[in-house]
Structure formats: C-alpha cells, structure tokens
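The values are calculated or read from the model by the stated rules, or taken from the named source; none is laboratory data. No experiment lies behind these values; they were computed from the predicted model shown. Every residue, glycine among them, receives a Cβ derived from its backbone with ideal geometry; neighbour counts consider all protein chains shown.
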Amino acid sequence: MEDTTALDISLFQLKQGTSSDTSVKTLTRFYQDGIINLRPSYQRNEVINRKKASGIIESAILGIPLPPLYLFKDKEGKLEVIDGQQRLITFLGFLGRLNDIKTKLNGFSLIGLSILNNLNGKNFENEHFKFTLNEKILDFTIKTFTFEEEKGFEPTLKYEIFERLNKNPFPIKPNSFELWNCIYLSNFTRMIKEIATTDDYNYGISRRAPDSLDLRMDSENDILRYITLLRNYEVLKERNDLPKSMMLQEVERHFSDKTPKFEIELIKKEFLKILRKSRILFGTSNVIGQLVNDNERRKTVYPNLTLMDVIIVTLSDESEKFIMKYRDELLEIIESFFKDEDNRSIIQNSKRGSARITNPYSDRVDYLKSKTFDVIRQKYGIEKSKRINIRDLSLVDKLMEKQNGLCPYCKNQIKITDKYEIDHLQSVDDFGSNEEINLAVLHEICNREKSNKKILME
Ligand SMILES: [Zn+2]
C-alpha cells in the first residue's frame, strides 16, 4: 500500500481524456495508415482465442456496446492502445487486415456463437456476410477515450493507466466510478463524492464499516448505482439487474456541468432524504448488513447489492413521517421478514459475485412492501402516500420549460442558485394528482408564503 497510492489521482483530472464513439471502419483505417500502434512495449502480447473473438463480433452485430478503448495520442498524432488491444485485434482479424501481426486470427471464421448460431463457420468474406452484415460491423462504434499529449497529458501517465487497468495491487476497475471520475469530473461526480462523506451515508446504508478505508471509491460507486436506479426506474423496473453501461450513461449525461446546478442539488437532496429514512428506521449500527447478510462467515457484514437496490427503491417511496411514527413496529416486521430464508431468496435470489436474479425489480419491491410497510398501513388504516420523489426529477425540467423559468407565485425568474420546491396546485389532501398538469415549481420562500396564507385563510 506504499507507492501505488502515492499517485495523485488529480493528475488525471487535470488532463481529462476526450471521449468519442469511433467506428470499426475508422479504427481499421487508422491501423492501415500506420497511425495506431496495437502493441506498445508495455502491452502484454496476449492472444485472444477464436471463441472469445467470435463472441465480440456477435456483440457488434447485435449492437451490444463493448467496453471502451483507451488510447494515448502523442505529439505526432500517433495512437497507442493503452487498453482494448484484444477487441481491436478481433475486429482487424475478422476483417482480414492484420498484416503485421502473426496470428491465426487473421480472417478467422466464427465459432461457438450462441445467439446467431447460423453464422457459425462463416467469415467476413463469406457470401452470407456480404452486403448485409459487413456494413453493420464496419459501422459499429466503440467508445474511445483518448489521452492527448498535445493537451498536456503527461506520457508516463499512460503506464499508470495501463497498470491500473490491468494489474494488481490497485487496478482501476474498468467500469467503475473510480475511473469515470477521472474522465468525467463534473458537478454530478462531485455531488456523489459529497454524499459519500456524509454521516447519513455512512450510518444509513454504507456497506462498509464506518472507519474502514475506501481507496477504491466503492462507496461512490454504490451511490452512483442507486441514483442511476432511481432516476431510470421506469425503464429498469422490468429488468432483473442494473447494467453498468447505464451508470456510465448517467455520468455522461451530467458531464461538462451541462446539468443545471439546481437539478444536481435536487438529486442530492432527494437522495439524502432516503439515507435519513434509512437511519431513522435502522438506527446507527450496520443493521441492514446484519439483516441481509449473505455470508455469515465474513467478519464485516456486506449486504448484497441487488438486495440493497430493492431496499433503496422501497425507502424512496415511503414518507419520513410514516417511518418515524411506526419505526419500532416496522423494524420488527422487517427483521422477521429477513430472517425468513424464503423471503430473502425471493427478493435477492443471487449470491455475491454471481448474480442470478430471476425476478424483476418491480416484483421484488412490491413483495417487500406488501410484507412490511403495507402490513402497518393496513393495520392502522393509512392511505399510501402520494409523493414526488427522486424518480420524477426529469419532471422539474419539463415544468421549468413550461413556466419559462418563472415562478408562478411571484412571477420572478427562478435562478439555478435559488432554492425551490415542487408545489401541487391542488393539494394532495384535496385529492390533487401528481400529474404534471397539477404541478409547478416555486421558489422555496414563495411556496412557504403560499401555504402560510392558505392556513390563515382556513
Ligand atoms: Zn417566487
């Protein structure tokens, strides 16, 4: 843990890479024109086997995104492959263009395809490929991060990136907050880092012991996961698990500070609310961990991630007041719920490291709710709360556009630095709906003034 941690990560942030989508056609041209060096000295000359290479081609035909390429561009404009060598060799090999590398992969035919199995035995020159699939492969794009010497990227750092992507003891995880944080530093990633340092996170839902070191930004990675899940729940609820590509998308969406600050603040505020609810309910010890522990031999208790997803979504739906009022009873019910092996497997159904989840998020969330929160609701005859929550954040954008950025109460502009709230034109108590048509964004002070007036009038 000595000199590997000494590298200041801000070195990368100073020289953020540029990212683009590069087509296989363009990459092939780079290679043929001698612009791209596939095998710089620090690269391992690892040969990818034909079955794995076939799988990559199948992904391209199906349009499934591949992990990004990392390139270094020197002052002369030459490119070096820091990471992604095997993917490039696969494409060049399949196209039969690998002229300066000795490999059996040049012009290979596909084997072992599971989905497009009618293509097994075919190669790029095969009649079956002509006109139909060739273009698809040539037009396929791979996300490419380029670190440019011209833009001040220190060439020796490429070894660091390479080492960290590939080797122990501290490899950067290729699809992780740790890496995206280097490339996409923004208000959004800053906000996630802020959340990770809060007490509410550390006590509320953190999966690690409060005092343990978190060099790998695992906490931030988890937080990004939960926020991505909540913000894209409508799309994700029928899925079993959260794809990493969606987390990257979420980071990219907020890159370059394109997202208004008020929206970032709102995401933070709403997420902290969930953490607070968790803290109210579970207290300050690692109760969730003990409840949903998936490995009893471990000293530290890590709850399963997919199970935490379900808990977070569930909490986002509940009101703080409700949890506060019935917390003792709720906790008792929740504890016995998780003691039951069947219950656990219904909403978890996966083991650490090998997620094999069979039912979608919505089923698991509904199941947990019906066996816990709804039990209390029925017992005391409480209506389900109708609240605006973090899942509806895109709504703020829509509303602001409709209002031309003006506050309907005071008619002044709502600036991105202003505090604001979403208001129901007809209140929920009067059966007002959560539909867009019944909602408006108001300055926080205006919203308070408005509700005070209403109370005075009543
Ligand atoms: Zn106002």
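For segment 362-378, the count of residues that are at pLDDT below 85, exposed (fewer than 13 other Cβ atoms within 10 Å of the Cβ) and away from the ligand (no atom under 16 Å from the Cβ) is zero.
Collect the residues in segment 61-100 that are modelled with pLDDT under 90, more than 21 Å from Leu179 (Cα to Cα) and not in a loop (DSSP other than H, G, I, E, B), keeping them in residue-number order. Hits for segment 61-100 are Ile61, Leu62. Within segment 401-421, the residues that satisfy the criterion of being closer than 25 Å to Leu230 by Cβ and within 13 Å of the ligand (Cβ to nearest atom) are Gln403, Ile414, Asp418, Lys419, Tyr420, Glu421.
Going through (1) more than 27 Å from the chain's Cα centre (by Cα); (2) closer than 30 Å to Phe337 by Cβ; (3) at pLDDT 75 or above one by one, Lys384 falls short only on (3).
Considering segment 420-445 alone, what residues qualify as being at pLDDT below 85 and assigned to a strand (DSSP E or B)?
Tyr420, Glu421, Ile422, Asp423, His424, Leu439 - these are the residues of segment 420-445 that are at pLDDT below 85 and assigned to a strand (DSSP E or B).
For segment 101-153, the set of residues classified as acidic (Asp, Glu), farther than 20 Å from Arg39 by Cβ and assigned to a loop (DSSP other than H, G, I, E, B) consists of Glu125, Glu127, Glu150, listed by residue number.
Within segment 343-358, identify whether any single residue is among the polar types (S, T, N, Q), within 26 Å of Tyr203 (Cβ to Cβ) and modelled with pLDDT of 80 or more, and answer yes or no. Looking for residues that are among the polar types (S, T, N, Q), within 26 Å of Tyr203 (Cβ to Cβ) and modelled with pLDDT of 80 or more, one finds at least one in segment 343-358, hence yes.
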